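The values are calculated or read from the model by the stated rules, or taken from the named source; none is laboratory data. What you are looking at is a predicted structure, and each value in this text was computed from that prediction instead of being measured. Positions of Cβ are backbone-derived with ideal geometry, glycine not excepted, and every protein chain shown enters the neighbour counts. The accessibility values were calculated without ligands, DNA or RNA, using every heavy atom of the protein model including side chains. Shrake-Rupley method; radii C 1.70, N 1.55, O 1.52, S 1.80 Å.
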Amino acid sequence: MVNLEELLRERLAVAFRAVAGTGVDPVVRRSQRADFQADGALALARALGRPPRDIATEVVGRADLADLCALVEVAGPGFINLTVSDAALGRMVAELAAGDRLGVQPPAERRRVVVDYSAPNVAKEMHVGHLRSTFIGDAAVRLLEWLGHEVVRENHIGDWGTPFGMLIEHLLDVGESEAAHELSVGDLDGFYKAARVKFDGDAESDGDTAFAERSRRRVVLLQGGDETTRRLWHTLISESEKYFMTVYERLDVKLTATDFAGESYYNDQLADVVDELDRLGLLRDSEGAKCVFPAGFAGRDGEPLPLIVRKSDGGFGYAATDLATIRHRIRNLHADRMLYVVGLPQRLHFEMVFQTAREAGWLAPPVGAEHVGFGSILGTDGKLLRSRAGVAVKLVDLVDEAVRRAEALVKEEDPAVRAEIARKVGVGAVKYADLSTERGKDYVFDFDRMLSFDGNTAPYLQYAHVRIRSIFRRGGIDAVPVLDEVALKEPAERALAIELLAFGAVVAEVARTLEFHKLAGYLYRLATAFTAFFEQCPVLRADPVTRDNRLVLCDLTARTLARGLDLLGIEVPERM
Ligand code: ARG
């Protein structure tokens, strides 16, 4: 057991239960005054009709903390301040250092988690919303996999719908091989816009009516399964997928070519989904459309909100497809946790889909579905991120620019090595800027800030890691000493040890909440604690015993930083 905070909580919980006669959360947290504090007595005062200080004093008297704490005191209105003994800390750190799990416990039960993420649209450029989904989803995949869960990646690309009539006709106009080229090299926006302009026209012109008419007929052919049309449609998809794969490789995310399971994958399940909802008595006609009215959703006028599963023209829409995804993932993929990593504007959509799935009896505990929503990315002007031409910014351009700017930060001379380091730093900076902000909030995309060596940034953390590795290089140390107990004499050593012991709890929490900014914040605190330690405690110049102790702390810090960053999808360079 190397989870210090958890250990304190458990011990105190026993004492609280004895005092209160019932289970009570001791409310343990880190403290300014001592190492930890427990605030549970405050909330109990009213229920027990006793002053909180009395309760705290009695809890302290009953708590079995002798082997862990050097000092336990009641403070203020009834806080319990806990100072962990150096010996207990030193033993736990040594135990942590001896293993390779860094204090992360295996999950109580291994779950099968389906992560729906990235999901760009065929023949359309990936935009910054897809960037966030890709980064957050990828971090979820990495973290849950490393914890020991079974993870299924689902890239629900938009590969179906009426725009495909227009896209196929445009493909024929351009010529198949030329179109395939445009798409696979990533000129998706140019392709899409050219088709749009012919279809709708633009500011200067009306659309081409003959083209629009051809496009409409093409949609019918596509839906009817016409062979040539299907083949052309497949070309659009496979060329776009090729391009998406180059982006994923560039971003170093775990999505592979076998993870594509787009909207069209569900086509032949849609009628059955609707039939099943109908048999269950969940469908109602509304203005010619077939709708579900899931409980708990009302519009501004107080009227129940419909989820349209079959449109009045007989077509199925986005909602029908997502009802199919959830049913399929539960029934066929045997998911017991489903994550939909999609921007917050789609929150209502997912809540209604989940509620419908509950009413249909598909979704029931212990199986869970979560909309892992996120905010927008803003430009430094505080508005939605746009390029100068006013269109959505291309995701790859942002990353390329970050890598280009990162080159300036790298000291390494060898051009190939330098480029590789710049890639890790640039891509890492963009990912970290995203994952270190609270998921639901908007954030400002700012190259200068994300590439700074000061503050809560990827380069700062990567540099902290490089610095530690260079201690080992300079000292010519290949084997980290193995100790039964790490001696912790200096306050900076103790503070670092306490941070190191907190990794497991943070990872467990983030696995539950997918609030990656908490992992980022933890890594930043750890790096800061290391910096303070490194300023105050010489390592290579210390006497041999102290040096061994400090090398253990250094190595454990480096491993924790590298692992934490890896869980966020960020690589650590050996040098910078
Ligand atoms: N392709 C959609 C978009 O670009 C996102 C799909 C998200 N996943 C889902 N199961 N609905 O907005």
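Assorted remarks:
- 53, 449, 62, 33, ranked by accessible area, largest first (probe 1.4 Å): 33, 449, 62, 53
- Order of exposure, largest accessible area first, which applies to 31, 376 with probe 1.4 Å: 376, 31
- Within the accessible area of the chain, the carbon and sulfur atoms contribute 50%, probe 1.4 Å, all protein chains present.
- Phi angles across region 161-175 convert, under the Karplus curve 6.51 cos²θ - 1.76 cosθ + 1.60 with θ = phi - 60°, into 3J(HN,Hα) values of x, 4, x, 5, x, 5, 5, 5, 4, 5, 4, 5, 5, 6, x Hz, Gly and Pro given as x.
- On Cα atoms only, tilt of 544-567 relative to the major axis of the chain in degrees: 20 degrees
- MRE, 222 nm, helices only [DSSP H, n ≥ 4, -39500 (n - 2.57), over the chain, to nearest 500]: -17000 deg cm²/dmol
- For residue 201, the residues whose amide H sits under 5 Å from its own are 207, 208, ignoring neighbours fewer than 5 places away on the same chain, with H placed 1.01 Å from N.
- Gyration tensor (Cα) of region 117-180, equivalent ellipsoid semi-axes in angstrom: 33, 11, 10
- Alpha-carbon centroid distance for the pair region 11-69 / region 207-284, whole angstrom: 58 Å
- In the chain, the DSSP beta bridges split such that about 55 percent are antiparallel, to the nearest 5.
- A simple rule links phi to the HN-Hα coupling: the Karplus curve 6.51 cos²θ - 1.76 cosθ + 1.60 with θ = phi - 60°, which for region 98-112 gives 6, x, 10, 9, 6, x, 8, 7, x, x, 4, 9, 7, 10, 9 Hz, with x for Gly and Pro.
- Label-to-label distance, residue 536 versus residue 364, with points set 7 angstrom from Cα along the beta-carbon direction: 5.7 nm.
- Checked against a 29 Å cut-off, the cross-linked pairs 254/518; 424/489; 254/290; 198/394; 242/424 give Cα-Cα distances beyond that limit for 424/489; 254/290.
- Tilt relative to the chain, helix 52-62 - C-alpha long axis, 0 to 90 degrees, to 10: 70 degrees
- Relative to one another, the C-alpha centroids of region 302-359 and region 403-469 are positioned 37 Å apart.
- Taking 7 Å steps out from each Cα toward its Cβ at residue 446 and residue 279 produces label points 5.7 nm apart.
- Relative compactness, the chain, computed as alpha-carbon Rg over 2.2 N^0.38 Å: 1.14
- Relative to the longest principal axis of the Cα atoms of the chain, helix 188-200 runs at roughly 40 degrees.
- Relative counts (whole %) of C-alpha pair distances in region 208-339, using bins that are 10 Å wide: 10, 28, 32, 23, 7
- Put simply, when 200-206, 530-536, 127-133, 39-45 are sorted by average Cβ atoms within 10 angstrom per residue, most first, you get 127-133, 39-45, 530-536, 200-206.
- Per-residue HN-Hα couplings for region 70-85 [Karplus 6.51, -1.76, 1.60; θ = phi - 60°; Hz; x = Gly/Pro]: 8, 8, 10, 9, 8, 9, x, x, x, 6, 10, 8, 10, 10, 6, 6
- Taking amide H as placed 1.01 Å from N in the peptide plane, residue 84 has its amide H under 5 Å from the amide H of 35, 36, 70, each at least 5 places away in sequence or on another chain.
- In the assembled protein chains, residue 308 presents an accessible area of approximately 80 Å² (probe radius 1.4 Å).
- Translational D in µm²/s for region 493-552 (Stokes-Einstein at 20 °C, 1.002 mPa s, Kirkwood Rh from C-alpha pairs): 169 µm²/s
- Under the simplified labelling scheme, the residue 286-residue 331 pair shows an inter-label distance of 2.4 nm, with each label point 7 Å from Cα along Cα→Cβ.
- The value of relative contact order for the chain, using C-alpha pairs under 8 Å at least six residues apart, is 15 percent.
- Cα shape, region 150-293, gyration tensor, a/c 1.5 rule: oblate
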